[in-house]
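Undergrad: A single structure is presented below for examination.
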Amino acid sequence: MMTNKKVVLGITGGIAAYKAAELVRLLVKAGVDVQVVMTEAACQFITPVTMQALSGKPVFTGMWDSSIANGMPHIELSRQADAILIAPASADFLAKLVHGRADDLLSTLCLARDCPLLVAPAMNKQMWENPATQRNIAQLIDDGITILGPDSGEQACGEIGLGRMLEAEQLLAELNAFFTPKLLSGKRLLITAGATLEMIDPVRAITNLSSGKMGYALAKVAVDMGATVTLISGATSINPPPNVFNIIATSADNMYQAVMKNIAMQDIFIGVAAVADYAPIETSTKKIKKSEHSLTLHLTKTKDILADVASLPNPPFCVGFAAESEDLIEYASQKRIAKKLPLIIANEAISALGNDDNQVTLIDENGTHALSRAPKTEVAQLILTHIASMHISRLS
Ligand code: CTP
């Protein structure tokens, strides 16, 4: 979402300025055209040379830079930008923004901007909690400025509390979310993700190799696209993305109950979970002891969550995943018809399970659309863009 975006990164005076170096590196890696502007105080904490080396561009620090043809960097820089991000934003700089002060290049270009402004505050916890700062933050929100963080934790001064600037990775994610088109604004999505665990005894289970990464990537991107997301997580070792309503349901039966309890009012249902097709008829309450002979497990078929949701009287827009080891398109197409789905995502099981990237083919009534191999977040963006356009065209 950020490739070729032009971002002015403003750095003000604060110890968190060191995190801005990593942020520039990540932004450049994501394809962003970064123009760094530093206040005089920022230059006490980190040098413009560092920022120039990382951004690949001269850094602006003063109002009177002669390299801008019309001699007006405060106008030029913001006119070329898709957004201005101030990270770190000191308490003093926030106060300046509130009052529309323009006594250095960064504050002047913020005042003269015609693009969105995002700020990542960084300060001591008492400064953050001070009513003056809180009044300023409320005013900035009222003025349409996006506030990113701050985080809570150990501070440079040794105190613990709110005021730490978000980490560079978090700021990158926030900026990416900011630039993501809100194609799912107002939509409610229910997503199942991860593997299920069917307990044999208290220490053993039938499960599979699904990591939950694809489902979690879809949940994260759906939030970025403006959706309200309920995530029903099976067994997974990764953390759920922020701003989703996460429900843990580890067995196929628990997942079925959780989905049915939450399906009313959902606009879109995406079954990404690798749900066990069979579960032990009974779970032994005691650990099963080894015997000399073979062990026979009696399994029963689980309920098909996706097929049952798609068969509801007023089903949401239902999307399935088909991970296959052979005859991918044929099996996936058969599943789409059998489960009455407008869309199924086919992926090759062995190369997708547990990996950070994926190669999928979207199959709908118009045929197949193969996507290139890409990180799961990028694949999620393309899948959700397709879902949004199919869902909207069905409503109209
Ligand atoms: N699914 C489900 N509930 C089940 C089994 C599968 O909701 N009990 C969903 C999965 O989340 C996925 C789709 O159905 O979106 C296809 O799952 P998959 O395991 O590939 O297909 P199955 O129908 O189980 O068929 P098979 O295992 O024989 O390939």
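Undergrad: For segment 373-388, how many residues meet the condition of being in contact with a helix residue (DSSP H, G or I) (Cβ under 6 Å, 6 or more places away or on another chain) and under 17 Å from PHE317 (Cβ atoms)?
TA: Looking only at segment 373-388, we keep the residues that are in contact with a helix residue (DSSP H, G or I) (Cβ under 6 Å, 6 or more places away or on another chain), and these are 376-377, 380-381, 384.
Now narrow it down to the ones that are under 17 Å from PHE317 (Cβ atoms): 380, 384.
Selection size over segment 373-388: 2.
Undergrad: Mind checking whether some residue in segment 306-320 is under 29 Å from the mean Cα position of the chain (by Cα), more than 13 Å from the ligand (Cβ to nearest atom) and of a type in the set (A, V, I, L, M, F, W, C)?
TA: yes
Undergrad: For ASN355, indicate whether it is away from the ligand (no atom under 16 Å from the Cβ), within 30 Å of PRO202 (Cα to Cα) and in the same structural domain as ALA195 (by TED's automatic domain parsing).
TA: Criteria met by ASN355.
Undergrad: Another question, if that's okay. Which of the residues belonging to segment 87-104 are out of contact with any Leu (no Cβ under 8 Å at 6 or more places or on another chain) and in a helix (DSSP H, G or I)?
TA: ALA91, ASP92, ALA95, LYS96, HIS99
Undergrad: So ILE281 fits all but one of (1) within 28 Å of PRO202 (Cβ to Cβ); (2) within 12 Å of the ligand (Cβ to nearest atom); (3) of a type in the set (A, V, I, L, M, F, W, C); what number is the exception?
TA: Of the numbered conditions (1) within 28 Å of PRO202 (Cβ to Cβ); (2) within 12 Å of the ligand (Cβ to nearest atom); (3) of a type in the set (A, V, I, L, M, F, W, C), the odd one out for ILE281 is (2).
Undergrad: Given the criteria outside the structural domain of PRO375 (by TED's automatic domain parsing), closer than 23 Å to GLN134 by Cα and either in contact with a His (Cβ under 6 Å, 6 or more places away or on another chain) or not in a strand (DSSP E or B) (or both), does ALA20 qualify?
TA: no
Undergrad: Could you check segment 114-163 and list, in sequence order, the residues that are among the β-branched types (Val, Ile, Thr) and either closer than 18 Å to VAL98 by Cβ or surrounded by 15 or more Cβ atoms within 10 Å (Cβ to Cβ) (or both)?
TA: VAL119, THR133, ILE137, ILE141, ILE145, THR146, ILE147 - these are the residues of segment 114-163 that are among the β-branched types (Val, Ile, Thr) and either closer than 18 Å to VAL98 by Cβ or surrounded by 15 or more Cβ atoms within 10 Å (Cβ to Cβ) (or both).
Undergrad: From the set of residues in segment 254-275 that are within 16 Å of the ligand (Cβ to nearest atom) and either without any contact (Cβ under 8 Å) to a residue 12 or more places away in the chain or within 18 Å of PRO202 (Cβ to Cβ) (or both), which is least open to solvent (accessible area, probe 1.4 Å)?
TA: Applying the filter and picking the extreme gives ASN254.
A quick yes/no check of all residues on (1) within 12 Å of ALA193 (Cβ to Cβ); (2) in contact with a Lys or Arg (Cβ under 6 Å, 6 or more places away or on another chain); (3) not acidic (Asp, Glu):
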| site | (1), (2), (3) |
| --- | --- |
| ALA222 | yes, no, yes |
| ILE232 | yes, no, yes |
| ASN243 | no, no, yes |
| ASP253 | no, no, no |
| ALA273 | yes, no, yes |
| ASP277 | no, no, no |
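The rows are residues; the columns are (1) in contact with a Cys (Cβ under 7 Å, 6 or more places away or on another chain); (2) under 30 Å from ALA274 (Cβ atoms); (3) modelled with pLDDT of 95 or more.
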| residue | (1), (2), (3) |
| --- | --- |
| PRO131 | no, no, yes |
| ALA138 | no, no, yes |
| THR146 | no, no, yes |
| ASP151 | no, no, no |
| LEU175 | no, no, yes |
| ARG188 | no, yes, yes |
| ILE200 | no, yes, yes |
| ALA205 | no, yes, yes |
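Undergrad: Cβ contacts < 6 Å: first residue open to solvent by 60 Å² or more (accessible area, probe 1.4 Å), restricted to segment 286-312; second residue acidic (Asp, Glu), any location; separation 6+ or different chain. Result?
TA: Matching pairs, first to second residue: LYS287/ASP201.
The values are calculated or read from the model by the stated rules, or taken from the named source; none is laboratory data. Please read all numbers here as calculations on a predicted model, not as lab measurements. With ideal geometry, Cβ positions are generated from the backbone for all residues, glycine too; neighbour counts draw on all protein chains shown. SASA here: full protein model, heavy atoms, side chains in, ligands and nucleic acids out. Shrake-Rupley method; radii C 1.70, N 1.55, O 1.52, S 1.80 Å.
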